[in-house]
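K.L.:
Let me give you the structure first, and then I'll get to my questions.
The numbers here are math on the coordinates, done by the rules we state, and not lab data. Being a predicted model, the structure only gives us computed values, none of them experimental. Here the Cβ positions follow ideal geometry from the backbone for every residue, glycine too, while neighbour counts run over all protein chains shown.
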Amino acid sequence: MTRNGGSTGHILSNRYEILEVLGTGGMATVYKGKDLILNRLVAIKVLKTEYNSDAEFVNKFKKESQAAARMSHPNIVNIFDVGFSDDHHYIVMELVSGNTLKDYLDQMNGYMKEEAIINIVLQVASALSEAHSKEIIHRDIKSQNILVGENGSIKVADFGIARAATTSTLVNTREIIGSVHYASPEQARGGYVDARSDIYSTGIMMFEMATRRLPFEGESPVSIALMQIKDDLPDPRAYNPEISKGLSSIICKASEKSPSLRYQNMSEFIHDLKMLQRDKDFVAELGSAVSQETMVIPKVSDDTINMHKPVVRKKPVMETKLEDERLDEVKGVNKINMTLIILSALIMAILVFGIFAFGRFKAFFEVEEVSVPMVVGLHVDEAVTQITALGLVADATERRFNGDVELDHVISQNHESGDVLKEGNIVKLVISNGAVQGLVPNVKQQDLKEARIIIEGNGFEVGRVDYEFNDFPEGMVIEQSPKSGVRLGEGSVIDLVVSRGPEIKTYIVPSIIGNTIREAEITLNQLGLKLGSISYELSDAYDEGQIMAQEFLGEEVKQGTEIPVVVSNGPETLPIETSPDGTPIEGETTEGETTELNLTIPLNVDKFSDETETIRIEMLNQGVVTVIYENVHSKAEGPEIFIPAKVSGTGTAIISVYYGDVVGYEQEIEF
């Protein structure tokens, strides 16, 4: 292992091979690797060597794997394995082919389309909604942590500083966790962090997607953090006038400084994004704070009280006595008046309270009762509309994966159809996230039986199986639909096309009698047939070199069948007759007695004009040409081929070897 935790070719835990570096972060290095057992490519995050001895960092690293492993969502990078090898902690993750959203933005010409922004953010929000439901706050949402797959799918990565959110969760004030350009004001202050902090970071990222710039830039992280706390978000439309007021309003609401003014959860955020998808004129309603922030009032000291006491002026004794007598008279009258005032106020209060209480109780008892509708199976929007139209309140915040209920449709409701409730009561709904999704495996060039095992092992089912003739072996999968790498819900069907093997055609064997070997070979090859073994016989009916007999004439045979033939050697040569004095009878020659020889004639495949060649061997003796051999040979038989032949004749003869129609070899022999 190298100092950064890995080297090309190194194997972790005898299973994961390090292939190359993909990227480096603050705590870890990410490598492209290979799972040697499952034979698949993976991403491997290895904690940097300098942090292995730091218990706090190791603990954060372990928490990353534990937090992410609890989640299963199509828009969250899957965690496959966690381990410790060669003094290094590592996590094995899904390898996403593609770039980060940051890379994608940097490579763009012009601005991203509004539809694309909404589509990407909806997938990010869906992933964060799942994390928040598990009480996990990401804390570091930014374009560098959003992966864009080659098929356009979005994956949220790096829950490296996520922590289970509790009522006492506070960010360490000595260190602001998260990237300062995207950090919420409460993160910058080192205060309480909850799901709304992720919403703020997502809003900043939306600003970046819409304008191709970040809203706050400074000379140092501290100056940027102060801007996050104090400065208002610039109007996105000032940089990109093409975006709608609706998108600008959603960005601004998500990026409010006060958490109480932002979207309070991802469900509200997703709702407004979908509203904008359906209605281009939609504008988000900006929030209003429920209460002012708590203020700490300084303690008021005794010295401060004394400083604010009024100064009392002393009066003369006579003046004081007269004043006391007048005061006693006034007090007597005032006591009577005060008693009447108090009694009147008390009677009035009782009357007002009685009227108010009667109205409140009457209003309470007059609340209408309504029957709960059946909304299971309906789309969430339609279900909410039906419930609210009756004066009830629909709570559609709970979502679950379900392979039997379509995405965004109601799985269940807490009050059954027909239950009677008073107006204003809450009906809780559980909404489907669709089936748990998985990657379609590649089963092409697998045996059908093996393909079934792989498909079913990945949570899918084999659908229609069609068969086609193909050059692949019989029973091998040659096509699949959908193709590998596509994400589908668990239980989805994969259709297959399986090879029947090469198509075997049949032909009626034509007559090739009377043809030469070359003519017969051309005729048969055109039909997908082959010239078979060649034998030679004497014939008075057929000229030398003509086919005089064949097999399978008129029969139906399979493509590639070899057709054996018999070739004429011409008429039989009679022995030479002589007169008693030894003189040949007219028309005859005297060259001696006929002798038989066994020959071995070599062939050189380098002289073949094609991969296969027709070889013909002729003998010229006493002015007569005899074909002693003819057949088709392949270069694969080389480099030399030796042909045995038995010949008979008298005197001297010439042996000629023809490669096709060209003489390639001649030899003189003596009988």
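K.L.:
Please report, to two decimal places, log10 I(q)/I(0) for the stretch 369-432 at q = 0.29 Å⁻¹ as given by the Debye formula with identical point scatterers on the Cα atoms and no solvent.
P.N.:
So the normalised log intensities work out to -1.26.
K.L.:
If one puts a single equal scatterer on every Cα of the stretch 100-278 and applies the Debye formula without solvent, what log₁₀ I(q)/I(0) results at q = 0.09, 0.10, 0.11, 0.17 Å⁻¹?
P.N.:
Rounded to two decimals, the profile gives -0.28, -0.34, -0.42, -1.08.
K.L.:
To make sure I understand the rule: partners must be aspartates and glutamates, Cα under 17 Å from the Cα of Lys245, and not fewer than 8 residues away in the same chain. Which ones qualify?
P.N.:
Cross-link targets: Glu114, Glu115, Glu208, Asp235, Glu256, Asp272, Asp279, Asp281, Glu285.
K.L.:
Please give the Cα centre distance for the stretch 7-26 versus the stretch 210-234, rounded to the nearest Å.
P.N.:
Cα centroid of the stretch 7-26 versus Cα centroid of the stretch 210-234: 37 Å apart.
K.L.:
Which is farthest toward the positive dipole end of the stretch 367-449 among His415, Ala383, Leu448, measuring Cα position about the Cα centre, with Cβ charges +1 (Lys, Arg) and -1 (Asp, Glu)?
P.N.:
The one lying farthest along the dipole's positive direction is Leu448.
K.L.:
If a paramagnetic tag sat 7 Å from the Cα of Asn151 along the Cα-Cβ line, which residues of the stretch 476-493 would have the backbone N under 18 Å from that point?
P.N.:
Those under the cut-off are 479-493.
K.L.:
Which whole-number percent is the relative contact order of the stretch 369-432 (Cα, under 8 Å, 6+ apart)?
P.N.:
Here the relative contact order equals 48 percent.
K.L.:
With a 10 Å Cβ neighbour count serving as the proxy for reagent exposure, in which order, fewest first, do Leu538, Leu273 appear?
P.N.:
Leu538, Leu273
K.L.:
When you count, for each residue, the other Cβ atoms within 10 Å and take the mean per peptide, how do 90-102, 598-610, 447-459, 520-532 rank with the highest first?
P.N.:
Ranking, from highest mean packing down: 90-102, 520-532, 447-459, 598-610.
K.L.:
Oh, and also: By how many nm would the segment from Glu562 to Asn525 grow when fully extended, if each residue of separation counts as 0.36 nm and the alpha-carbon distance is taken off?
P.N.:
Taking Glu562 through Asn525 to full extension adds about 12.3 nm, to one decimal.
K.L.:
Where the only charges are on Cβ atoms (+1 Lys, Arg; -1 Asp, Glu), what is the dipole of the stretch 11-94 about its Cα centre, to the nearest 20 debye?
P.N.:
With only Lys, Arg, Asp and Glu charged at Cβ, the dipole is about 260 debye.
K.L.:
Hey, what did the stretch 1-141 get for relative contact order, percent, Cα under 8 Å, at least 6 apart?
P.N.:
18 percent
K.L.:
Further, regarding this structure: Roughly how many debye, to the nearest 20, is the charge dipole of the stretch 100-278 about its Cα centre, given +1 on each Lys and Arg Cβ, -1 on each Asp and Glu Cβ, and no other charges?
P.N.:
260 debye
K.L.:
Run the dipole for the stretch 369-432 about the Cα centre, Lys and Arg Cβ at +1, Asp and Glu Cβ at -1, nothing else charged, and hand back the magnitude in debye, nearest 20.
P.N.:
140 debye
K.L.:
Can you return the aspartates and glutamates within cross-link range of Lys635? Criterion is Cα-Cα under 14 Å, with same-chain partners fewer than 8 residues away left out.
P.N.:
Filter leaves Asp606, Asp610, Glu611, Glu613.
K.L.:
Same structure again: In whole Å and largest first, what semi-axes does the C-alpha gyration tensor of the stretch 1-137 yield when each eigenvalue is scaled by 5 and square-rooted?
P.N.:
28, 19, 15
K.L.:
Please work out how much length the chain gains when fully extended from Asp281 to Glu242, using 0.36 nm per residue of separation minus the C-alpha to C-alpha distance, in nm with one decimal.
P.N.:
Stretched fully, the Asp281-Glu242 segment lengthens by 12.7 nm.
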